[in-house]
Amino acid sequence: MILRIMATMLLGFICVIIPQSAIEAQEIATVQARAMVMPSMSIVGTHDLDFGNVMPGLTKTVDKTEAGSAAEWIITGIPKAEVNVAFLLPASLRETDGTEILPVEFKMADAAYSDSTKGGQQVPAGILNPHLVSTTQIGDNGTLGIWLGGKALPGPSQLSGLYTGRVTMTVTYTGN
């Protein structure tokens, strides 16, 4: 109770000492906080990585510039936005019944991109290392094409059959 009385007296004392003109000179201003949430991008896998017919014991290579055989993704997003590109690559393909495997290999220069500044898949704008996260930009037109080649490594006694595997690509905005 004594504290409450002392606090009230102190407040009254402060009000008497501070002139009314000093209190009236205060101004208050506010601003708005805003954020524009940008639309998300879309990623479409438009072509599978297709090694075609593979012979036992003979390596089969698909180049990233080989239309109709190289894997292809088209990204649509914010023009000129910076993105990170990452791949999850299989070490092998599995026969559809799941018992046999076909080893595959991806080299450091097996992926490429076009941001609309060059000639597309045959003359890409740059090379991507599919084993690392790479940074590039979506093109001025809001699209980015990415292609991936690789190598199938069948053994000399590789069993015949259809072998498949999953190649996953993740693209994220960097905020730049």
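The values are calculated or read from the model by the stated rules, or taken from the named source; none is laboratory data. All values reported here derive from a predicted model rather than from experimental measurement. For neighbour counting, all protein chains shown are included, and Cβ atoms are generated from backbone atoms with ideal geometry for every residue, glycine included.
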Pick from the range 118-173, criterion among the hydrophobic types (A, V, I, L, M, F, W, C) and either surrounded by fewer than 18 Cβ atoms within 10 Å (Cβ to Cβ) or free of Cβ contacts under 8 Å to residues at least 12 places away in the same chain (or both), ranking: farthest from Met38 (Cα to Cα): Leu159
Qualifying positions in the range 101-146 - of a type outside the set (Val, Ile, Thr), out of contact with any Ser or Thr (no Cβ under 9 Å at 6 or more places or on another chain) and more than 30 Å from Ser160 (Cα to Cα): Lys118, Gly119, Asn129, Leu132, Ser134, Gln137
Failed item in (1) closer than 16 Å to Lys60 by Cβ; (2) modelled with pLDDT of 95 or more; (3) of a type outside the set (Val, Ile, Thr), with Ser160 passing the rest: (2)
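Between Gly98, Gly52, Gly57, which is loosely packed, with under 12 Cβ neighbours inside 10 Å, of a type outside the set (Phe, Trp, Tyr) and modelled with pLDDT under 95?
Values: Gly52 fails: modelled with pLDDT under 95; Gly57 fails: modelled with pLDDT under 95.
The unique qualifying residue is Gly98.
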Residue list for the range 105-117, filter: in contact with a Gly (Cβ under 8 Å, 6 or more places away or on another chain) and either free of Cβ contacts under 8 Å to residues at least 40 places away in the same chain or among the hydroxyl-bearing types (Ser, Thr, Tyr) (or both): Tyr113, Ser114, Asp115, Ser116, Thr117
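Residues that are more than 26 Å from the chain's Cα centre (by Cα): find the strands (runs of 3 or more DSSP E) completely inside the range 56-112 holding 3 or more of those. Don't jump to the end; show me each part of the working.
Values: elements: 60-62, 71-76, 82-88, 92-95, 101-105.
Where strands (runs of 3 or more DSSP E) fall fully within the range 56-112 and carry at least 3 residues being more than 26 Å from the chain's Cα centre (by Cα), they are 101-105.
Restricted to the range 36-49, and to residues that are in a strand (DSSP E or B) and not aliphatic (A, V, I, L, M), which residue is surrounded by the fewest Cβ atoms within 10 Å (Cβ to Cβ)? Break it down stepwise before answering.
Step one: filter the range 36-49 for residues in a strand (DSSP E or B), giving 42-47.
Imposing the further condition that a residue be not aliphatic (A, V, I, L, M) reduces the set to 42, 45-47.
On the way: Ser42: 11, Gly45: 14, Thr46: 9, His47: 16.
Taking the candidates together, the pick is Thr46.
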Per-region count, the range 146-171, residues assigned to a strand (DSSP E or B) and touching a Pro at 6+ places or on another chain (Cβ under 8 Å): 3
